[in-house]
Amino acid sequence: MGMTMTQKILAAHAGLDEVKAGQLINARLDQVLGNDITTPVAINEFEKAGFTGVFDRSRINIVLDHFVPNKDIKSAQQSKQCREFASKYDIINFFDVGKMGIEHALLPEQGIVTAGDCIIGADSHTCTYGAVGAFSTGVGSTDMAAGMATGMAWFKVPAAIRFNLTGKLGPRVSGKDVILHIIGMIGVDGALYKSMEFTGPGVATLSMDDRLCICNMAIEAGAKNGIFPVDEVTLRYLTGRSRREWTVYEADPDAEYEQTFEIDLAAIEPTVSWPHLPENTHTAKESEAIAIDQVVIGSCTNGRLEDMQAAYEILKGKTIAPGVRGIIIPGTMQVYKTCLQNGWLEAFIDAGCIVSTPTCGPCLGGYMGILAEGERCISTTNRNFVGRMGHVKSEVYLASPATAAASALTGHITDPREVE
Amino acid sequence: MNAQGTVFKYPDNVDTDVIIPARYLNSQDAAELARHCMEDIDPDFVNKVKPGDIMVGGWNFGCGSSREHAPLVIKTSGTACVIAKSFARIFYRNAINIGLPILECEAAADGIEAGDEVAVDFDTGVITNLSKGETYQAQPFPPFIQDIIRAGGLMNSIRQKGGNKA
């Protein structure tokens, strides 16, 4: 029996000719990642275990993104601890305020993650990098500590679910709608412990930003990773960007998939996940009676340039509805600067929105847009759990940047195809 | 190794945001964090839990964020183990790595009710519901994972194997 793309990458990194689903392996890591919340816990474990060196200072990434610029004294202490560790071990990819971005927007943009890599990150959305043809998965802080020390991690080789994509997305429908639609179809544990392998002729029609968004939310279906094949779109993205040579792995023709789902991209509607699980999906049209207090456009899911462009196309020359608070957060300093150069920031401000420097802030209820009791937010983030963005009686509706921007204009959830 | 205690029962898809809300993650102090364990779905949990008590969930327990603070606050609250129908994969890894015993057992998660007195034998995976007089058999861990647990977590396991070049 042949191997899936994920299984081939894992076999190569474990030094094996072949692996099978369920097999436990030790694999070599190309990159290890942590942020300002998970890295301090990893540093404590690293030091408690008595390690005195890292496996490779060019393959460890520490990104301060969750609570920076620091929101309070305690988070400032955590950032300081990361900064001191990065300095002590001369970590090359340490990203502080001014250089940082939201980790999963930043690492692909900077060419740090590339095709064929095996990557762990102490952040659940590390699965994002499957978009460039890497095996990449979220772990905890202790795994990060062990990864920094040894350059290795243990994995159970995942079985696979295939999503065969055909057709092409309609206007104002994006990768976010695709992944919300899929999570609605298979549920929040529909891919538990498994890899989500995206294949088929529809892949070529999806931009890299769409693919990064789709893989980003694989974890929201319980998956170990999501992965796209390497094609022309990938090669164009990596060329001149990737800091290392890449390796292209392809699934064997007889690879085993536990299930195959056929997805017609042309049939996907603007989709919204209602509280309090990402699987509670409805079309934007079905959601139009829902009034909103706040709109958030940003995050590791939707803080990339195409996301900002989608928001700009809808908000330019208009004003958001009275009583709605619009919060726009470009994902990296480069995205922020490009928005500035393109005049998009001015359009956002003229529309009545605020624009923040990159931060995870509101997505996880950290700061920069916390909700009060009874308030509702439509957000391009990735989770709508109880209390995720603030009060336990507040509500988060997950949607694409286009749907969020259209809803900002009307004050209630709105299908973006219904506004100019 | 064994545990015996009173059960706190929760539904499917208990996520790490309700186990420990991110608004508290500007601290790494386990005792301080544990005061907020389960706060958003069960504000009474921290007042009622006694050392040795047992948490029972449904499918996909611990879904969401990778925060290791989640199994850590459950462990620090005094909870002896978590029984669920299934665990989200990062929570599963983290629990093993930090030494919070977890058991996958659909029959137990269905049969046990809140407030039941339950005993667990971690060596055999046998779960006994003393209140109802029922027993359930949990899935045993693979030997590879048993080795990590026996070593006292991942970092100890690596050290014992001499896995760091430094």
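Does B:LYS85 meet the test of being under 13 Å from the mean Cα position of the chain (by Cα), surrounded by fewer than 22 Cβ atoms within 10 Å (Cβ to Cβ) and more than 10 Å from every other protein chain (Cβ to nearest Cβ)? No; evaluated as a whole, the condition is false for this residue. From the list A:LEU345, A:LEU340, pick out the single residue that is more than 21 Å from the chain's Cα centre (by Cα), more than 30 Å from A:VAL392 (Cα to Cα), surrounded by 17 or more Cβ atoms within 10 Å (Cβ to Cβ) and free of Cβ contacts under 8 Å to residues at least 24 places away in the same chain. After ruling out the rest, the residue left standing is A:LEU345.
Residues that are open to solvent by 10 Å² or more (accessible area, probe 1.4 Å), more than 24 Å from A:ASN216 (Cβ to Cβ) and of a type in the set (A, V, I, L, M, F, W, C) within the range B:35-78 comprise B:ILE41, B:VAL46, B:VAL49, B:LEU72, listed in sequence order.
Is there a residue being part of a loop (DSSP other than H, G, I, E, B), open to solvent by 40 Å² or more (accessible area, probe 1.4 Å) and not β-branched (Val, Ile, Thr) anywhere in the range A:297-315? Taking every residue of the range A:297-315 in turn, none turns out to be part of a loop (DSSP other than H, G, I, E, B), open to solvent by 40 Å² or more (accessible area, probe 1.4 Å) and not β-branched (Val, Ile, Thr). Taken together, the residues in the range A:333-371 that are touching a Leu at 6+ places or on another chain (Cβ under 9 Å), closer than 23 Å to A:THR126 by Cβ and not in a helix (DSSP H, G or I) amount to 3.
Pairing each residue of the range B:69-81 that is more than 14 Å from chain A (Cβ to nearest Cβ) with any residue that is surrounded by fewer than 24 Cβ atoms within 10 Å (Cβ to Cβ) and assigned to a helix (DSSP H, G or I), provided the two are 6+ apart or on different chains, yields C-beta distances under 9 Å for B:SER77/B:ALA34; B:SER77/B:PHE45; B:SER77/B:VAL46; B:GLY78/B:ALA34. B:PRO142 meets all of the listed conditions (1) on the phi < 0 side of the Ramachandran plot; (2) modelled with pLDDT under 95; (3) in contact with a helix residue (DSSP H, G or I) (Cβ under 9 Å, 6 or more places away or on another chain) but one, namely (3). A:PHE163 meets the conditions (1) open to solvent by 10 Å² or more (accessible area, probe 1.4 Å); (2) under 16 Å from A:PHE228 (Cβ atoms) in every case but one. The failed one is (1). Residues that are part of a strand (DSSP E or B), in contact with a Lys or Arg (Cβ under 8 Å, 6 or more places away or on another chain) and more than 14 Å from chain B (Cβ to nearest Cβ): does the range A:134-151 have at least one? No, the range A:134-151 has no match at all. Looking only at the range A:109-133, residues that are more than 14 Å from chain B (Cβ to nearest Cβ) and hydrophobic (A, V, I, L, M, F, W, C) come to 6 in all.
Annotation: of all residues in the range B:1-57 being touching a Cys at 6+ places or on another chain (Cβ under 8 Å) and in a helix (DSSP H, G or I), the one that is farthest from A:ASP36 (Cα to Cα) is B:PHE45. Determine if the range A:151-158 includes at least one residue that is open to solvent by less than 10 Å² (accessible area, probe 1.4 Å) and either among the β-branched types (Val, Ile, Thr) or within 19 Å of the chain's Cα centre (by Cα) (or both). Checked the range A:151-158: at least one residue is open to solvent by less than 10 Å² (accessible area, probe 1.4 Å) and either among the β-branched types (Val, Ile, Thr) or within 19 Å of the chain's Cα centre (by Cα) (or both). Of the helices (runs of 4 or more DSSP H) lying entirely inside the range A:1-103, those carrying at least 2 residues that are farther than 24 Å from A:ILE227 by Cβ and open to solvent by 20 Å² or more (accessible area, probe 1.4 Å) are A:38-48, A:73-88. Exactly one residue out of A:GLY190, A:GLY175 is at pLDDT 95 or above, surrounded by fewer than 24 Cβ atoms within 10 Å (Cβ to Cβ) and not aliphatic (A, V, I, L, M): that is A:GLY190. Checked against the criterion of being within 14 Å of another protein chain (Cβ to nearest Cβ) and surrounded by fewer than 24 Cβ atoms within 10 Å (Cβ to Cβ), the candidates B:GLY152, B:GLY125 yield just one match: B:GLY152. A count restricted to the range A:398-420 and to residues that are surrounded by fewer than 24 Cβ atoms within 10 Å (Cβ to Cβ), in contact with a Pro (Cβ under 9 Å, 6 or more places away or on another chain) and either outside any loop (DSSP other than H, G, I, E, B) or not charged (D, E, K, R) (or both) stands at 2.
Contact map, the range B:90-103: residues that are more than 18 Å from A:SER136 (Cβ to Cβ) and more than 9 Å from chain A (Cβ to nearest Cβ) paired with residues that are in a loop (DSSP other than H, G, I, E, B) and open to solvent by 10 Å² or more (accessible area, probe 1.4 Å), Cβ distance under 6 Å, separation 6+ or inter-chain. Pairs shown: B:PRO101/B:PHE122.
The values are calculated or read from the model by the stated rules, or taken from the named source; none is laboratory data. None of these values were measured; they are calculated from a predicted model. When we count neighbours, we look across all protein chains shown, and the Cβ atoms used for this are built from the backbone with ideal geometry, even at glycine. We work out accessible area using only protein heavy atoms, side chains counted, and drop any ligands, DNA or RNA first. Shrake-Rupley method; radii C 1.70, N 1.55, O 1.52, S 1.80 Å.
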